[in-house]
Each structure stands twice: as C-alpha cells, then as structure tokens.
There are 2 protein chains.
Amino acid sequence: MIAEILCVGTEILLGDIVNTNAAYIAKELAALGINVYHQTVVGDNPDRLKSCLEAAFSRSDIVVMTGGLGPTYDDLTKETVGAYFGRNMIMDENCLTTLKSFFTKTGRPMTDNNLKQAQMPEGAIVLHNPNGTAPGCVVEGNGKTAILMPGPPREMVPMFDGPVREYLSQFSDGMLVSRNVNIFGAGESMVEDRLKDLMVHSTNPTVAPYAKQSELTLRVTARAKTKEEGYRLIGPAVNRIMEEFGDNVYGLDAISLQNAAVELLARKGLRVATAESCTGGLVSSRLTEIPGASQVFDCGVCAYADEIKIKVLGVSPETIKNYGAVSRETALEMAKGVRKLSGADIGVSTTGIAGPGGASEDKPVGLVFVAVSGPDGEDVRELRLSRGRGDDRENIRYASSSHALNMVIRAVKKL
Amino acid sequence: MIAEILCVGTEILLGDIVNTNAAYIAKELAALGINVYHQTVVGDNPDRLKSCLEAAFSRSDIVVMTGGLGPTYDDLTKETVGAYFGRNMIMDENCLTTLKSFFTKTGRPMTDNNLKQAQMPEGAIVLHNPNGTAPGCVVEGNGKTAILMPGPPREMVPMFDGPVREYLSQFSDGMLVSRNVNIFGAGESMVEDRLKDLMVHSTNPTVAPYAKQSELTLRVTARAKTKEEGYRLIGPAVNRIMEEFGDNVYGLDAISLQNAAVELLARKGLRVATAESCTGGLVSSRLTEIPGASQVFDCGVCAYADEIKIKVLGVSPETIKNYGAVSRETALEMAKGVRKLSGADIGVSTTGIAGPGGASEDKPVGLVFVAVSGPDGEDVRELRLSRGRGDDRENIRYASSSHALNMVIRAVKKL
C-alpha cells in the first residue's frame, strides 16, 4: 500500500508557516507500515491542485491531504477531489446541524459562505472535527482513496489520531509495537557497526536509529497481532542492545537525558546541584525544564569568572593558579563545592573552552572537564568536543551539558 | 520567473525531521519576487528523484534543491541532476583541496567515499560550504537552472544567504535591501493594527513580520538599483516603526535579545549577573550562548529553593515569609543580592510559577516577577504569561527569560 501527502495552502507555499503537518502524517503512516514516497505542497489554485492530485494518484493508492477545507472562495480541496472522483457536492445534514450549533454556541453570526463547509462529495465518509468548523472526509473510488483533513495542526492531529488512524488500520497488517532504547556516548556509526545484523537484516522487529544532538535512540518496532505478542518479539532485540551498550544506555522509552535524570533522582529521593562554567546554566536549565524538577533540584551556580568559582563555590585559588580554571582539579572542586553549598546529594560541574576565544596551545577549543561528587566519592571526565565547525560553541555547550546529565544518571544508578 | 523547491531526504519523507528548509527557501524566494507554486519532498531514490526533477522542470524555470549531497552511496542528487542536463561528473580540484584540508584539520581519516563530495557535474558553478563537507552547485542549461544545496539547515541557510541569493538576484528586478527592526513586548496583531498602512499598502519598501517565540522582527525590504537607494527607501519606514514602538524596539538588525544584550553591555563596559528561580538558568544560558559573553557576565545563581535564595543571594527570610518566594519583593531582593554577590553593574532576577504544579488561588501558573537592580536603582515587573496550553511551562520559562533580557537592555540603555 503506497500513500502520499499533499498539503494545500499558500501560507505553506510562501514559507509563512512550516509544514509540520507533513512530518506528523509521514511519521504516523510509517508507524502503520504504509509506504510514503512523495510529499507535495501546492497553493490554493484549482488547476494546479488538480494536476497534483492526478500525479499523486498516478503513483499512489492513498492521498492524504490537508488544508483548503475552509469557508472562503479559495478553499477548493473538497470540490477538486469530488471532481476527480466524478462526484457531485451535496449538503450533509449532520454537518450542517453541527455547524449551526457551533455558531449558536459561540454566539457568532453564521455567514452564508460557511454553508460550504457542510457540503461533501457524494458518498464521502465524513470525519467530524470537534476542534474547528471544517469537517474532513474520506472519498473512495476505483481502488483509490483520498483523505481530506483541515490545515490547522490542532484540528488535523486529533482527526488523524481518531477516525483517520482507525480508517487506515485496515491497510496495516496487524499492529505496530515500539520500544525506544536511549543511548548516550556512542555515535550512530559505532552503534550501526556493532548492531549491523539487527539493524540491517532484522525485519520483525526492525531497529532504527534516531540521532538528536548528542543523544541516540534506537527504536525497536515489531508488527504483531497483539501488544503482548509485540513485546515478546521486541524483547530479545532490546536485551541484545542493552548487553552491547549497557553502560551507554540511559533509559528505556525516556524522552531525554534530563527527563531520565529527574525521574531517577526523584525515584531515589536524591537531589542534585550544578556548578557550571562553560555551559553557563544550560545544565540547570535542562533539568528545570522538567515539571517537578523542584523535587530534585535546589541550587545551581553559574561561575563564569574565576573569582566566583573561588568566592561562591569555594574552589581554592591555588588550584586555579596551578592547574587553570579549565582542569580536572577545578572541575572536581566545583562539584564538591556546590554539593557542600547546597547540601545536595550530588554535585555536578562543567568547565571548558566553548570558544571561539579563550583557547591556548595546550587547552584547545572543545576541551571540557565534567565532574560529579556524591556520597560515594568523585568522578571526572576529560572531553574533546570540537568538530571545527561554525556551530562549535553551541555544540560544545550542549554536548557538555549532556555529558553532565549522563554522569549524574550514572552516579545515581550506583547509589 | 517560476521556481520550485525539491527537498531530497528519506528522513523528511518519513517525518523524522520537519522540513524547515522548504519554508526558509520559500520565504526568501518570495522576497526576491520569484514565484513558487510547488514544493516537493522525495526520498533518496534515483528513479523517483529523476521523475520529480522532470516534473519540476516541466512547470518551472528554476528548481532549488536540498539534500543528497553527502558521501554515502544513497546521496544521488548531483548525479541525477547531472544526468538530467547531460553532464559528466568530474572531480573539482578546488573542492578536493578544501575537503582534504577539512579532514586534516579535524584529524579525522578521510574515507574514499568522501571523494564523491568533490565531484561536480561538468560546467557547474560550485557553491562552497564553510559549514560542512558537502559543497553545493548551480547547473544551467536550456533556460533551466538547478540549484543544489546540502540538507542540514546550518549549512543550507548560510549558503542560501551568500552565493545563492547573489546568484538569484539576476532574476530579481533590481536588488533587495533589508533592515530588521527587533521588537519585544508587542504582539503581532497589535503591531499589524498600528502599522496597517505600512504593512498592507506599502509596496516599496514592504514591511513583513517574523514572529519567533516572544520576539517579533519587522523586516523592511526595498527593491532598488543600489544599496544606497535601498537604504533611502527603507529609512522612513524604519523611523515610523521606531516612533510607533520606540519603547519596544530592542535592536536594529539584532539576531536575538541575548545578542543585543551582550553587545550593548560590552559597548558600555558593563557587567550583568543573574539570579533565577523559575527560569532555572535559562537567562544565563542564553547570555553565555553568545561568544564573548565572558566580557559581560561573571556569575549566575539558580536559586530554586527558598534556602538558596536566603543563603546564597541574601534574600531576607521575612520577605519570603511575608510575601512569598513568588513576589515583587523577593524578585527585587534576588536582583540586589546577586548584584552584591558578584560585584556586577546590573543584577537581574526571575521568580514565578512555571507550572504545571506550584500554583495557588492568588498565585496562578504564569505569574512571574522579573526585577533588575543597577547603579540607578531598581525596577520590577509583574507578568501573567500562561496561555493555558500544553506547552505552558516551556513558554512561561522562555518568555520570562526574554523579559529579563529585555529589562537588562532597557536598564543599560539608560546608563
């Protein structure tokens, strides 16, 4: 079964809005096991829309469309699809009732052009829209199917998640069940290399990598009759990944490092404090992004200047003089210092050269030290994060903050 | 002149990433006065790419493409375009030198498949890529033009902004000259309302709004024969916007609030320190994102817990007891406290309810106080930032940090 996505709207065509609908639908179709080979965007122009529709049906069985269902004269998706299938437009009495009651409820006058929204190609399956005035529809004929949904994502997404996914499930062979193994500190190519058999040759379940900044998620997906069967199929692959990358696995179905860290700290009733130099507050900012962070986090110090490292965090001036602010020794004293200052169970610190300035011969851009201090002692890591590119500073800061969060997770796991 | 956008990449097709490239290019082509009627996405499949390219050239003069320029076997955009124009692929010696030096510089071994990135269709104009290993190119023939750029936005955007826009300007009637007026604290609809004449009726220059989170940029664009003429045409519109929104204008051609803040502080030789509760380090993180932030920033304290506000920032326990941690009074003492602790010229603070938890009858989610303290005294603002949506926490934190940066800018402007 081949589907494609056809989004109608001049505002997408001119770049006034980003086409998040296409990405959403594409991901959902992939999850249903329906192949997608093309996405197209066309403006509110009936001739061009007609050509695009014909091209789409010449190569696909299903065309999933968004946009052009509104009340104005240039909203022509339903009419164009109706014409393609040779159907008349007829007034749908249910839609009309719903539409009228919407206007009554909101106290707004219903202008005549709104009536258009209750018209449907003859024989269409109506998709009700609880979040707006434009219903969607499914039109079938000659082995082809058009699915029409409104353009605004807050109307389209619930419609897809409800009746559209249900409709499409007839084309999906069983259900798809997924688990995500979250990995940090192992690059995509290394993972592919060590899991080649699983990733290339395995068909049920499949294993696919999703890299996002310095984190990597391996999604294991099985096609099965039931959820239980799906989990049974997934199990061995997940175990294999855990065995191979155990030390690098920070979560199962976790959303992000910060999510995993906050959850783990909360579960163990522990608190963390941050002492940041090169990350400048990024670690504490990522932690406090998570609702409920106040359960596990009280205090962060962003000590950009040496005097602040000394005065607020209690780093010894000799340490900075002898080893420099960017050193293993300073990182350790920062982590210990913020732990003491805050009374937290774990202190974590970062100090490094984010660049582009501040580097020297023996301390290049990208040299970062990350340390943790906890009840069981300390740990510190030296990182080399520069990739020599224009966005180096951003990457170095982000990757450093990820390493810091990952070191917190590792330290907490041991407690 | 008709152009269309053809993005190549399985990761877009499957919805793993959102196609921001298409929106960016569409907007820029519109600004150049080049019409766009179609956007297409196709995977890394040579036959389908070929069909899409043929379809695109059957209806358009220029096809702007992204993606498929990398080193792996499935990167086939250059080869497919070369074949369409009947060109052989030849090794470009300049590209090869650049490529080799990139690998030497980063100390990584250059595998053979990388050589592919230095091959170009015969006669192509090479577009150098300072932000990655894959150069782009322009191929012309029979009145048709293909423009090929790499897929990663941080490589594509600079390439478009540099050589591609320059190349395309030949199809534009005259040159386009733009200035951006950066506005904070005035919504898009209010701005449109007060500048309706300029935004709707003015044709040269045009005035277009670009909203991004809580910031708004008005881009004033003139079509002119020379840069000087362009600036002359732009001048009155910029002045008009400044008059209308003077207090809300934080920069001219500034990249972001944090950029404007760091630049202004550096120019005046002043330093800022941050004391954050609800923003959890986001203000310091945004400041330190900017290269050279260490010139203007030494110290940030993220005081999530009351004890830290008291112990580190010197907020009086009575203030917290009498007014609460989320109050005008606490915000002021935090700003004063961090100014004293750090010795900075300006202290800025945030305290509020980011939600979803922590709210009470009289202190709802979205209530935030932002304060600044400087040599000329203090200022504090009460904000109500909830929009009652699922992404409330993120928005409240980000908007609070933007208000904090904006208050720093306002305070520094007066010094």
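So which residues in the stretch A:189-228 are among the acidic types (D, E) and without any contact (Cβ under 8 Å) to a residue 24 or more places away in the chain?
Listed by number, the residues that qualify are A:E192, A:D193, A:D197, A:E228.
Kindly indicate which of A:E329, A:E318 is among the acidic types (D, E), in contact with a strand residue (DSSP E or B) (Cβ under 9 Å, 6 or more places away or on another chain) and either open to solvent by 20 Å² or more (accessible area, probe 1.4 Å) or within 11 Å of another protein chain (Cβ to nearest Cβ) (or both). Residue meeting the stated conditions: A:E329. When residues in the stretch B:111-129 are screened for being out of contact with any Leu (no Cβ under 7 Å at 6 or more places or on another chain) and over 25 Å from B:E166 (Cα atoms), 5 of them pass. Of everything in the stretch A:300-310, what is in contact (Cβ under 8 Å) with a residue 12 or more places away in the chain, open to solvent by 10 Å² or more (accessible area, probe 1.4 Å) and more than 8 Å from chain B (Cβ to nearest Cβ)? Give them in sequence order. Answer for the stretch A:300-310, where residues must be in contact (Cβ under 8 Å) with a residue 12 or more places away in the chain, open to solvent by 10 Å² or more (accessible area, probe 1.4 Å) and more than 8 Å from chain B (Cβ to nearest Cβ): just A:D306. The set of residues from the stretch A:363-388 being free of Cβ contacts under 8 Å to residues at least 24 places away in the same chain and either among the basic types (K, R) or under 30 Å from A:G269 (Cβ atoms) (or both) comprises A:G377, A:R384, A:R387. Scanning the stretch B:129-147 for residues that are within 19 Å of B:D61 (Cβ to Cβ) and open to solvent by less than 40 Å² (accessible area, probe 1.4 Å) yields B:G136, B:C137, B:V138, B:V139, B:G141, B:T145, B:A146, B:I147.
Of all residues in the stretch B:14-32, which are more than 23 Å from B:G230 (Cβ to Cβ) and either of a type in the set (A, V, I, L, M, F, W, C) or at the interface with chain A (Cβ under 7 Å from one of its Cβ atoms) (or both)? Please lay out each step first, then the result.
Narrowing the stretch B:14-32 to residues more than 23 Å from B:G230 (Cβ to Cβ): B:14-23.
Within the stretch B:14-32, B:L14, B:G15, B:D16, B:I17, B:V18, B:N19, B:T20, B:A22, B:A23 qualify.
Please tell me if B:R381 is within 28 Å of A:A303 (Cβ to Cβ), charged (D, E, K, R) and part of a helix (DSSP H, G or I).
Details: within 28 Å of A:A303 (Cβ to Cβ): yes; charged (D, E, K, R): yes; part of a helix (DSSP H, G or I): no.
No, not satisfied.
The residues in the stretch A:106-122 that are assigned to a loop (DSSP other than H, G, I, E, B) and either under 15 Å from A:V8 (Cβ atoms) or out of contact with any strand residue (DSSP E or B) (no Cβ under 6 Å at 6 or more places or on another chain) (or both) can be counted, and the count is 5. Residues in the stretch B:274-299 that are open to solvent by less than 10 Å² (accessible area, probe 1.4 Å) and either of a type in the set (K, R) or free of Cβ contacts under 8 Å to residues at least 60 places away in the same chain (or both): 9 in all.
Could you look through the stretch A:334-362, keep only residues that are over 35 Å from the mean Cα position of the chain (by Cα) and touching a residue at least 24 places away in the same chain (Cβ under 8 Å), and pick out the one that is least open to solvent (accessible area, probe 1.4 Å)?
Just the residues of the stretch A:334-362 that are over 35 Å from the mean Cα position of the chain (by Cα), to begin with: A:337, A:340-341, A:360-362.
Among the residues that remain, those that are also touching a residue at least 24 places away in the same chain (Cβ under 8 Å) are: A:337, A:340-341.
Values: A:G337: 12, A:K340: 171, A:L341: 33 Å².
Among those that are over 35 Å from the mean Cα position of the chain (by Cα) and touching a residue at least 24 places away in the same chain (Cβ under 8 Å), it is A:G337.
One residue stands out in the stretch B:33-44 among those that are more than 7 Å from chain A (Cβ to nearest Cβ) and out of contact with any Phe, Trp or Tyr (no Cβ under 7 Å at 6 or more places or on another chain): the one that is most open to solvent (accessible area, probe 1.4 Å), namely B:N35.
Just to be sure, is B:G86 more than 28 Å from B:V18 (Cβ to Cβ), among the small types (G, A, S) and touching a strand residue (DSSP E or B) at 6+ places or on another chain (Cβ under 9 Å)? When the stated conditions are applied, B:G86 passes them. For B:A83, the stated conditions do not hold, so it cannot be described as among the small types (G, A, S) and either closer than 28 Å to A:Y24 by Cβ or within 11 Å of chain A (Cβ to nearest Cβ) (or both). Within the stretch B:236-273, the residues that satisfy the criterion of being in contact (Cβ under 8 Å) with a residue 40 or more places away in the chain, within 14 Å of another protein chain (Cβ to nearest Cβ) and not hydrophobic (A, V, I, L, M, F, W, C) are B:S256, B:Q258, B:R271. Candidates A:K50, A:K27: the one that is in contact with a Gly (Cβ under 6 Å, 6 or more places away or on another chain) and open to solvent by 20 Å² or more (accessible area, probe 1.4 Å) is A:K27.
Quick check on A:R48: is it more than 28 Å from B:A30 (Cβ to Cβ), within 11 Å of another protein chain (Cβ to nearest Cβ) and over 29 Å from the mean Cα position of the chain (by Cα)?
On the way: more than 28 Å from B:A30 (Cβ to Cβ): no; within 11 Å of another protein chain (Cβ to nearest Cβ): yes; over 29 Å from the mean Cα position of the chain (by Cα): yes.
It is false that A:R48 is more than 28 Å from B:A30 (Cβ to Cβ), within 11 Å of another protein chain (Cβ to nearest Cβ) and over 29 Å from the mean Cα position of the chain (by Cα).
Here is the figure for the stretch A:263-273: residues that are over 18 Å from A:R339 (Cβ atoms) and either surrounded by 19 or more Cβ atoms within 10 Å (Cβ to Cβ) or among the basic types (K, R) (or both) total 1.
Does A:I346 meet the test of being within 14 Å of chain B (Cβ to nearest Cβ) and more than 24 Å from B:A344 (Cβ to Cβ)? Please lay out each step first, then the result.
Values: within 14 Å of chain B (Cβ to nearest Cβ): no; more than 24 Å from B:A344 (Cβ to Cβ): yes.
Considered against the rule, which asks whether it is within 14 Å of chain B (Cβ to nearest Cβ) and more than 24 Å from B:A344 (Cβ to Cβ), A:I346 comes out as no.
Checking A:P152, A:P158 one by one, the residue that is without any contact (Cβ under 8 Å) to a residue 24 or more places away in the chain and either surrounded by 15 or more Cβ atoms within 10 Å (Cβ to Cβ) or of a type in the set (F, W, Y) (or both) is A:P152 and no other. When the test is whether a residue is of a type in the set (A, V, I, L, M, F, W, C) and either under 24 Å from A:V200 (Cβ atoms) or more than 13 Å from chain B (Cβ to nearest Cβ) (or both), A:L282 does not pass it. Of the residues making up the stretch A:215-255, those that are at pLDDT below 90, crowded, with 18+ Cβ neighbours inside 10 Å and small (G, A, S) are A:A222, A:A224, A:A254.
Can you pull out the helices (runs of 4 or more DSSP H) entirely within the stretch A:269-370 that have at least 1 residues that are touching a Leu at 6+ places or on another chain (Cβ under 6 Å)? By residue number, A:282-288, A:328-342.
Looking across the stretch A:367-415, the residues that are farther than 20 Å from A:K340 by Cα, acidic (D, E) and open to solvent by 20 Å² or more (accessible area, probe 1.4 Å) come down to A:E382, A:D391, A:E394.
Comparison of B:S316, B:S277 shows that the only residue that is in contact with a Phe, Trp or Tyr (Cβ under 8 Å, 6 or more places away or on another chain) and small (G, A, S) is B:S277. Assess whether B:I12 counts as being open to solvent by 10 Å² or more (accessible area, probe 1.4 Å), closer than 15 Å to A:I12 by Cβ and in contact (Cβ under 8 Å) with a residue 24 or more places away in the chain. It is true that B:I12 is open to solvent by 10 Å² or more (accessible area, probe 1.4 Å), closer than 15 Å to A:I12 by Cβ and in contact (Cβ under 8 Å) with a residue 24 or more places away in the chain. Report, by residue number, each residue of the stretch A:96-127 that is closer than 18 Å to A:G67 by Cβ and open to solvent by 20 Å² or more (accessible area, probe 1.4 Å). A:N113, A:K116, A:Q119, A:A124, A:V126, listed by residue number.
Okay, residues lined up against (1) under 21 Å from A:A30 (Cα atoms); (2) modelled with pLDDT of 90 or more:
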| site | (1), (2) |
| --- | --- |
| B:M1 | no, no |
| B:I5 | no, yes |
| B:V8 | yes, yes |
| B:L13 | yes, yes |
| B:I17 | yes, no |
| B:M65 | no, yes |
| B:T98 | no, yes |
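The values are calculated or read from the model by the stated rules, or taken from the named source; none is laboratory data. Worth saying up front: this structure is predicted, and the values here are computed from it rather than measured. Ideal geometry is used to build each Cβ from the backbone, glycine not excepted, and the neighbour counts take in all protein chains shown. To get the accessible areas, we keep the full protein, side chains included, count just its heavy atoms, and leave off ligands, DNA and RNA. Shrake-Rupley method; radii C 1.70, N 1.55, O 1.52, S 1.80 Å.
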